[in-house]
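The next block holds one structure in the form of structure tokens; read it before the comments.
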Amino acid sequence: MRNQKSRAVAEATDRRTKMRFRLHREMRFKLIENDIVIGSGVGVTIDLGSGGVAFLAANPMKTDTFAEISIAWPVKLDDQCPVRLVTYGRVLRSDGPRAVCSIDKYEFRTQARTTRPSEPAVRVDPAFYRFVDSYRKVAVKSVAACGA
């Protein structure tokens, strides 16, 4: 009873405008800063909405870094081909193993049907670099428009 009451209070004070969906799926992530991969790993999602994704990972993450998150999607394409949701955004909050990242751009991709051995080097998708560059250009234009 007490847990339900505290959950109801938390929902009543939640000011988020985007609806979130509980989705517990395997995920992989890469963090990039100054065009260098500063971290990567695996985790599990907690919930997902159009504005962001909350997840659990082994280590805390540095906030305000760019993040590429690849989530195993629960539905297969044509009931046969596994799909991943790949999101690009920034780390908004990180508290111990729990982190929240924005979703500024996303795309669905098909994935291999079999597991590949881990590659020794972390490969960064060129789309991730394009996202980071476009984000920086918008930031520079907005600073210039403010007269700073």
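All of the numbers you see were taken from the coordinates with simple rules; none came from a lab. Predicted model, so just to flag it, every value in this text is computed and none were measured. So basically every Cβ, Gly included, is an ideal-geometry build from the backbone, and we count neighbours across all protein chains shown.
Annotations for the structure displayed:
- Amide H partners (placed H, <5 Å) of Arg25, local residues excluded: Thr45
- Summing Lys and Arg as +1 and Asp and Glu as -1 over all other residues whose Cβ lies under 9 Å from the Cβ of Ile71 gives a net charge of +2.
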